[in-house]
Every structure is written in structure tokens, then in C-alpha cells.
Amino acid sequence: MLMQIQENISLRPYNTFGMDAKARYFAAFSSADELLGLNDRISVTGNLPVMILGGGSNILLTKDQEGWVLKNEIRGVQLLHEDPDHIYVRAGAGESWHGLVMYCIERNWAGIENLALIPGCVGAAPMQNIGAYGVELKDVFHSLEALDTKKRSVVTFTLSDCAFGYRDSFFKHSEPGRYVILSVTLKLSKHPVFHVSYGAIKEELEKAGVKAYSIKAIADAVIRIRSSKLPDPAVTGNAGSFFKNPSIPATQFEVLKTAYPEVSGYPAADGTVKVAAGWLIEHSGPDENISWKGYRVGDAGVHPRQALVLVNYGKANGEAIAALASAIQSSVFLKYNIKLEKEVNFY
Ligand code: FAD
Ligand code: NAP
């Protein structure tokens, strides 16, 4: 089938930051064969960069894209197999992640209820091992299929192949654009284990008068908390948490805690302590008397309710957001000697 290739189009509808950057070439694909067909066309245009796009909710477009932007629209959800305890479900990479969560909850397949309302597509979920409220993709991940565009073959990645870490995976470090994730298979449970101790979930369930926990009740609570705390990208451009929560040595955390007793830290199994980046940002600023939280320069800003989220109030471009991010990183480093690492992917 001949796929439609558009030239010099605005990517504004395709990224949740609402950046008005252009793509030199843009096309969508809905199967591995279509992607291979596009690869042939791409080779004709020479050595131009290729960017794979899902829902565009974890990217910052800092400039016009001189190469190809390929939107993954591979659909379909299939129950592959079940045993007395588990369900193995495969979803096309272009399916909505939240749609998949709701689909599984309706069938009482447990494991991803805490990951409700995360924007974007299934195919991007392994990229940074998406996580929220104490659950990460890796906890329910079985395998994925990806097209190795260099070898032109479909490869299966198991849990260990993916090298999942905190907002990290093998794919974040592989050659950009080489592996295009086609589908993801999850191993869900028929016997839910409720994770309610994280953040405000328990409190929210109590507020709603929920006495008997269910995966639906947990997802509903997560949806309510997220809707009240996070800016809706349809209204205010953003890409969720802009930085990762830094992990620091326990000894450094002790020094920090002595100086700032109110700082929260979460000890990890490897002996480091995870510090809430939102707190560090809120308690630093462009100068000593101003906090970054709620700060705004032109249309680029830091969200007033969640300092970890940078926002585009309308006409900010990627460079303005990147400059603000870099100023935040410098001031946090200067004050706390902690390096904030970006979570959002820059293009
Ligand atoms: P995109 O932004 O389109 O792409 C992200 C990266 O993955 C890019 O590098 C892209 O090239 C690559 N990619 C995308 N699809 C493929 C594919 N099929 N094959 C290979 N590479 C691919 N994240 C969390 O982890 N937890 C949260 O709780 C969370 N909350 C958020 C809340 C808000 C309001 C927003 C805006 C974002 C949030 N995010 C969160 C970030 C984001 O939603 C997730 O990282 C999501 O998985 C990104 O999906 P996407 O389809 O939009 O990816
Ligand atoms: P929160 O509940 O206010 O907590 C602040 C930070 O403390 C979180 O970042 C979380 O780290 C950490 N934390 C809280 N309780 C913890 C515990 N029991 N054990 C270990 N760490 C704990 O956070 P929030 O901003 O409202 O977000 C709620 C959840 O949604 C978090 O898991 C967050 O990661 C996720 N979220 C992610 C994005 C994104 O774009 N990545 C955007 C919005 C929300 P973790 O972040 O490591 O969980």
C-alpha cells in the first residue's frame, strides 16, 4: 500500500507541549510491513534522522525536525494465553496506554490500575519503564516485539533484555530510531494485589468511602488525584515530570536532611536515597527570595501546583522551555549539589 507522506507539516497537534515545530517529512504506519515500506522511502532521501512518535507526551521539540517523523498507529489488543493465575495480553504499540488500562480493568485483569491516566501510547511505555504510585511497567512486563530497522527483522525482547531501571531501559541508550516497538505483551494477574500505600491513594479511597478495595476503585482514585494535581495537556502544554527524581548516596542525604529537615527521601535497595525533585525545585529559584514553583518567563513556566512539571502557557517555544529547565538545573545544583537529570526526550 502506498503510504501518504506529508512534507513540512506542523507537529503542534502531535506533542502535548504544544510546540509548533515542523517536520520535513511525516508519515504514519499501522504495521511492520508499512514501516519497512517507509524505510525504503527514507533511504531514498539520504541519511536524514528518523524520529518515532507515539502520543508525543514525553518529548520537547526544540527545533524543526530536518528528517522524518513516523507516527506509530499499530492497533489491536489480544488475549494471548491464560493460566490459573495470569493473563497474557498483547497490545499494538499505537494503542492508547490509558485505554489499555481501562480495557484490562473492565475484565478484572490486575496489575496496571496504578498506572491509569498516563498519557501516550503502549509502544512508548517500555522506553522509560513508565511508573506511578509504586508500580512500574517492568512489574507486569512479559515481552515486546520490535522491528530492528538496521537488520530489517522483528526481534523479541524479554524482561531481562529490556534492562529496565528507574525511568530507564535498554531502548533509551540504543541507537536512536533503530528499534521500533511494534507490540508489548503484559503478564497480568487474576488475583489482584492492591498497592495503596503510595502518595495519596489510601486517603483518596477513604474520602470516596471505599471499604472493599478493587482495581477499579484504585484506578478511579488515581484518576481523581492526577486530575486535581496535574495540568491537562489539552489546556496547558506540558510533558509531565520534566526531571527524574535524583538518587543520592545515603551519606549525602543525611547532610541534606540535617540542613533541611523537611526534605523527603526514599531509601532504595542499592543504598542510595531517592529525593523528590519537586521539593528541590520548589525550594530553590531564580534568586534567593523567589521559588521556581509558579515562576513564569514569557509563556514558559513552572506549574504552580507541581514544580516538577514545566508548562507552555501558549506561545513558548522549545528553546524557551529548555532554557528554563537549564536554569532550574543550575540553581538546584548550586544550592544542593544535586544534578537533576531530564526525563523528557529532547529533539
Ligand atoms: P512519545 O512522547 O511519543 O515518545 C517518547 C519517546 O519514546 C521518544 O523518544 C520516542 O521516539 C520513543 N518512542 C515512542 N514510541 C515508540 C515506539 N513504538 N518504538 C520506539 N520508540 C518509541 N510518565 C510516567 O512514567 N509516569 C507518569 O505518571 C506520567 N505522567 C504523565 C502525566 C502527564 C500530564 C504527561 C503529559 C506525561 C506523563 N508521563 C508520565 C510521561 C509520558 O506520558 C510517558 O512517558 C509516555 O509513556 C509517553 O508516551 P508517548 O506515546 O506520548 O511517547
Ligand atoms: P507525590 O505523591 O507527591 O510524591 C512525590 C515524589 O515522592 C514522587 O515523585 C515519588 O517518586 C516519591 N514518593 C512518594 N511516595 C513514595 C513512596 N512511598 N516510596 C517511594 N517514593 C515515593 O508525587 P506526584 O507528583 O503526585 O506523583 C504521583 C505519582 O505519579 C508518582 O509516582 C510520579 O512518579 C507519577 N507521575 C509521573 C509523571 C511523569 O511524567 N513521569 C507525572 C506525574 C506523576 P516517584 O516519582 O519515583 O514515584
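The values are calculated or read from the model by the stated rules, or taken from the named source; none is laboratory data. Since this is a predicted model, take the numbers as computed values, not measurements. We place every Cβ from the backbone using ideal geometry, glycine too, and count neighbours over all the protein chains shown. Areas reflect the complete protein model, heavy atoms only, side chains present, ligands, DNA and RNA absent. Shrake-Rupley method; radii C 1.70, N 1.55, O 1.52, S 1.80 Å.
A few comments on the model shown:
- Around the Cα centre of region 57-171, unit charges on the Cβ atoms of Lys, Arg, Asp and Glu (plus for the first two, minus for the last two) sum to a dipole of about 400 debye.
- Across region 21-35, computed HN-Hα scalar couplings (Karplus, 6.51 cos²θ - 1.76 cosθ + 1.60, θ = phi - 60°) run 8, 9, 10, 4, 10, 9, 8, 10, 10, 10, 7, 5, 5, 4, 5 Hz from first to last residue, x flagging Gly and Pro.
- Tensor-based shape of the chain (alpha-carbon gyration tensor, a/c under 1.5 rounded, otherwise prolate or oblate): oblate
- Between the amide H of Asp64 and those of Lys22, distances stay under 5 Å, these residues lying 5 or more places away or on another chain, with hydrogens modeled in the peptide plane.
- Classified by the C-alpha gyration tensor, region 201-347 has an oblate form. Its axis ratio a/c, with a ≥ b ≥ c, is 1.5 or above, and a/b does not exceed b/c.
- Whether region 135-254 is rounded, prolate or oblate, judged on the alpha carbon gyration tensor where a/c under 1.5 counts as rounded: prolate
- Beyond 25 Å in Cα-Cα separation lie the following of the pairs Lys22/Lys138; Lys22/Lys71; Lys63/Lys335; Lys63/Lys342; Lys138/Lys190: Lys22/Lys138; Lys63/Lys335.
- Multiplying the residue separation of Lys229 and Met3 by 0.36 nm and subtracting their alpha-carbon distance yields 77.3 nm.
- Where the chain is the region considered: accessible area per residue in Å², 1.4 Å probe: 48
- Only helical runs count toward this figure. For the chain, summing -39,500 (n - 2.57) over DSSP H runs of n ≥ 4 and dividing by all residues gives -7500 deg cm²/dmol at 222 nm.
- In this rough spin-label picture, where each label sits 7 Å from Cα along the Cβ direction, the Asp161-Tyr313 distance is 4.8 nm.
- Across region 245-256, coupling constants 3J(HN,Hα) worked out from phi with the 6.51/-1.76/1.60 Karplus curve, θ = phi - 60°, read 6, x, 9, 10, x, 4, 5, 5, 5, 4, 4, 4 Hz, and Gly and Pro carry x.
- Using θ = phi - 60° and Karplus 6.51 cos²θ - 1.76 cosθ + 1.60, couplings along region 270-284 (whole Hz; Gly, Pro as x): 7, x, 8, 10, 7, 9, 6, 4, x, 5, 4, 6, 4, 9, 9
- Just the protein heavy atoms count here, and of the accessible area of the chain at 1.4 Å, carbon and sulfur take up 52 percent.
- Ranking Ala325, Ile5, Ala93 by Cα position along the charge dipole of the chain, where only Lys, Arg, Asp and Glu carry charges on their C-beta atoms, puts Ala325 farthest toward the positive end.
- The Rg/Rh ratio for region 53-197, using Cα coordinates for both the radius of gyration and the Kirkwood hydrodynamic radius, is 0.96.
- For Ile59, net neighbour charge (Lys/Arg +1, Asp/Glu -1) across residues whose Cβ lies under 15 Å away: +3
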